[in-house]
Amino acid sequence: MNKKLVKEFLIITFVIMLIFWGGCALISQIFNLTINNIFLRIMHIIGGFSPTIASYISLKRNNKVKNLKEWLKKIFDIKHNIWTYILVILFVLIYYVLGCAINGFKFGAPIFMLIVILPMMLFGGGNEEVGWRMILQPELEKKFGFHIATIFTSIIWWLWHLPIFFIIGTANANMNYFLFGIMCLTLCYALATIRKVSKGVFPCILTHCLINGLSAIFVFNYSLLSCCITLIVTKIVSILILNINKRYIR
């Protein structure tokens, strides 16, 4: 594990997050302002890009990329086999089929709006993957193995989200933080599996975009039951996929 790379990535990520998301949360609470305030909205967006910004800076500082062009090339590695993209669809289906079946759901935006929503989610969640799954997960795996690395990544990812639960008007402000933590672990298993099989970051970006984008179309509330069942099913599927991949594909 490249300890220097991981340390720099995490420090930069959390410093930017604390300045912008932490500051946004404080201003929101003190002055009772919502995310609809343009100043808070800008702070919120910048904070959300903290793993993305940290990814480029830390990789550049550690001579892993030479310039912005090479970094972008690593991110948009769209040439993967059909198996990779089947996994993307599979994990998205597990998340939504189980969530909707257990909790019930209602339609939000029309499904055709996914054409518009999906590209937007590149800047509303998908961008994070160039940090979490490009740097943190694979580096931690080198030292701790797949499962421990996935748990550590999910805890860090969960803690990173904390300030936005105190920004009035965000979707997270109305969510249970601990149930959200279970879903962070669930998604980390899905994304880590896709990353390990594909050895690329773009399929993880696409998965994150689909998960976030479909939440505007299939609207359901988290419950402890659905969170636990989805986690268990996702982990079982992850283990099966990694075993199949190890034996027959690679």
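Quick notes on this one:
Each row is one residue, and each column tells you yes or no for (1) over 20 Å from the mean Cα position of the chain (by Cα); (2) of a type outside the set (Gly, Ala, Ser); (3) over 17 Å from LEU187 (Cα atoms).
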position	(1), (2), (3)
ILE45	no, yes, yes
PHE76	no, yes, yes
ASN81	yes, yes, yes
LEU93	no, yes, no
PRO110	yes, yes, yes
ILE117	no, yes, yes
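- Any hit, region 193-206, residues being closer than 30 Å to LEU33 by Cβ and either surrounded by fewer than 21 Cβ atoms within 10 Å (Cβ to Cβ) or not polar (S, T, N, Q) (or both): no
- For ILE148, the test of being modelled with pLDDT of 95 or more, open to solvent by less than 10 Å² (accessible area, probe 1.4 Å), more than 10 Å from the chain's Cα centre (by Cα) and of a type in the set (Val, Ile, Thr) is failed.
- Sole exception among (1) outside any helix (DSSP H, G or I); (2) more than 30 Å from LYS7 (Cβ to Cβ) for LEU179, by number: (1)
- Looking only at residues in region 95-109 that are open to solvent by 50 Å² or more (accessible area, probe 1.4 Å) and outside any helix (DSSP H, G or I), the one that is farthest from LEU225 (Cα to Cα) is PHE107.
- Where a residue in region 216-233 is within 21 Å of LEU114 (Cβ to Cβ) and its partner, wherever it lies, is exposed (fewer than 15 other Cβ atoms within 10 Å of the Cβ) and charged (D, E, K, R), with Cβ under 7 Å and at least six apart: VAL219/LYS106
- Filter pass, LEU242 being assigned to a helix (DSSP H, G or I) and either surrounded by 17 or more Cβ atoms within 10 Å (Cβ to Cβ) or touching a Leu at 6+ places or on another chain (Cβ under 9 Å) (or both): no
- For region 165-176, the candidate set comprises residues that are modelled with pLDDT of 95 or more and assigned to a helix (DSSP H, G or I); within that set, the residue that is farthest from the chain's Cα centre (by Cα) is PHE166.
The values are calculated or read from the model by the stated rules, or taken from the named source; none is laboratory data. Please read these numbers as outputs of a predicted model, since none were measured by experiment. Please note: Cβ atoms are built from the backbone with ideal geometry, for glycine as well, and neighbour counts cover all protein chains shown. With ligands, DNA and RNA removed, areas are computed over all heavy atoms of the protein, side chains included. Shrake-Rupley method; radii C 1.70, N 1.55, O 1.52, S 1.80 Å.
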